[in-house]
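Okay, structure first, notes after.
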Amino acid sequence: MELKKGQVVRCGAGREQGGFFLVLAVCGRTALICDGRHRPLERPKKKNVIHLSPTSTVLPDSSMRSNREIRNALRPFLGAG
């Protein structure tokens, strides 16, 4: 499955392993991801797409405007809903 902007992914390797993130952009073999807390919009993480597992959830652009909206959108995946 190919990654798209706004898609929720789970990180499978690295320091962020097991965490859920939002894809901001896809550039070839890398993706810019953020979670609104440890990785805010101002400082996204560049991650190899091989290490990301996509979910079927794609968020609209309207829920990607601020770190708070991203955290609220990812809350159901973290089990704290």
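Throughout, read-outs are computed from the coordinates displayed, never taken from laboratory work. Treat the numbers as computed from the prediction; the structure is a model and nothing was measured. With ideal geometry, Cβ positions are generated from the backbone for all residues, glycine too; neighbour counts draw on all protein chains shown.
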In degrees, nearest ten, helix 67-78 long axis to first principal axis of the chain (Cα):
80
Ratio of Rg to Rh for region 7-78, alpha carbon only, Kirkwood?
0.91
Using the 10 angstrom Cβ neighbour count as an exposure proxy, how do Val58, Val49 rank, fewest first?
Val58, Val49
Residue among Ser62, Gly36, Leu24 farthest towards the positive dipole end of the chain, charges placed on Cβ
Gly36
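Order these peptides, 27-37, 59-69, by their mean beta-carbon neighbour count within 10 angstrom, highest first.
27-37, 59-69
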To the nearest 0.05, what FRET efficiency results for Arg71 and Lys4 with a Förster distance of 22 Å applied to their C-beta separation?
0.60
For region 7-78, what is the charge dipole size about the Cα centre, in debye to the nearest 20, if Lys and Arg each add +1 at the Cβ and Asp and Glu each add -1 at the Cβ?
220
